[in-house]
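To keep things clear, I will list the structure first and then write my remarks on it.
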Amino acid sequence: MNNCLLCETPIASNPSWKSLLALEGQTNICQDCSKKFQPADIKEEDNLLDQVTSLYTYNEAMREYLHQFKFLQDVALAEVFGNELRTHLKRDATIVPIPMHPEKRIERTFAHIDELLKSARIPFTHILEKTGTEAMGEKSKIERLAMDPLFRLKPGTTVHSGTYIVIDDIYTTGTTLRHAATVLKEAGATRVEAVTLIRAER
């Protein structure tokens, strides 16, 4: 028996042949906590992103989760949505996490997107580098449209034809993901999709 990562209530589990063979993901949060998160189930596309999938809405439960995980640095919470991410990323594609700027990485002590993917046991590769430290939430629409590229390819990186899936925690305006898709497509990617844990309301 393990405890819920959010409220620490013991979670009762019924052993199955899949769990015994480690083929079934372990449940990390209790049913009461799980019910507080609202699925978004959003799939769409635009001229740069061939498909965007967002798993949950940005409700109060998700806001509290993200604050505790990212800003209070509770790295163990990376495991909460591992099963959901693994389900949506079982495809023949190169997984590319949105990178943090090195200064932000030092400030936060861990790369939260990397930790989400590690907890979900999803292989990934760092192809992109962040060019600045600005946050998208601090900019107006006009400022976002006038921005220099947010990313560049890592030196020595080769992008082959094929599908690349960019991973980020939250989709607000889509600017970050479109900048990443632009770099990948200009470098040779045939198709660029995105998966985000959260969809915030604009």
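Odds and ends about this structure:
- Residues HIS179, HIS88, ordered by accessible area of protein heavy atoms at a 1.4 angstrom probe radius and largest first, appear as HIS88, HIS179.
- Applying both filters, DSSP loop and at most 14 other Cβ atoms within 10 Å, to the GluC sites (Glu not before Pro) of segment 34-72 gives GLU45.
- For the residue pairs LYS130/LYS185; LYS36/LYS70; LYS90/LYS154, the alpha carbons lie more than 22 Å apart in LYS90/LYS154.
- Area of MET100 that stays accessible when all protein chains are in place (1.4 Å probe, Å², to 10): 40 Å²
- VAL75 paired with ASN2, simple spin-label distance in nm, labels 7 Å along Cα-to-beta-carbon: 1.7 nm
- Here the spin labels are modelled as points 7 Å beyond Cα on the Cα-Cβ line, and at THR158 and ILE42 they lie 3.7 nm apart.
- For GLN51, net neighbour charge (Lys/Arg +1, Asp/Glu -1) across residues whose Cβ lies under 12 Å away: -2
- From helices alone, the chain scores -6500 deg cm²/dmol at 222 nm; the rule is -39500 (n - 2.57) for each run of n ≥ 4 DSSP H residues, then divide by the residue total.
- Amide proton proximity set for ILE11, modelled H, under 5 Å, gap of 5+: ASN2, ASN3, CYS4
- Approximate spin-label separation ARG63-MET147, in nm, with each point projected 7 Å along Cα-to-Cβ: 2.2 nm
- Compactness of the chain, expressed as Rg and Dmax over alpha-carbon positions, Å: 17.5, 55
- Taking θ as phi - 60° and the Karplus parameters 6.51, -1.76 and 1.60, the scalar couplings of segment 83-89 work out to 5, 5, 5, 4, 4, 7, 10 Hz in sequence order, x denoting glycine and proline.
The values are calculated or read from the model by the stated rules, or taken from the named source; none is laboratory data. Fair warning: this is a prediction, and the values are worked out from it, not measured in the lab. Positions of Cβ are generated from backbone atoms using ideal geometry, with glycine treated the same way; all protein chains shown enter the neighbour counts. Side chains included, ligands, DNA and RNA excluded: accessible areas come from the protein's heavy atoms. Shrake-Rupley method; radii C 1.70, N 1.55, O 1.52, S 1.80 Å.
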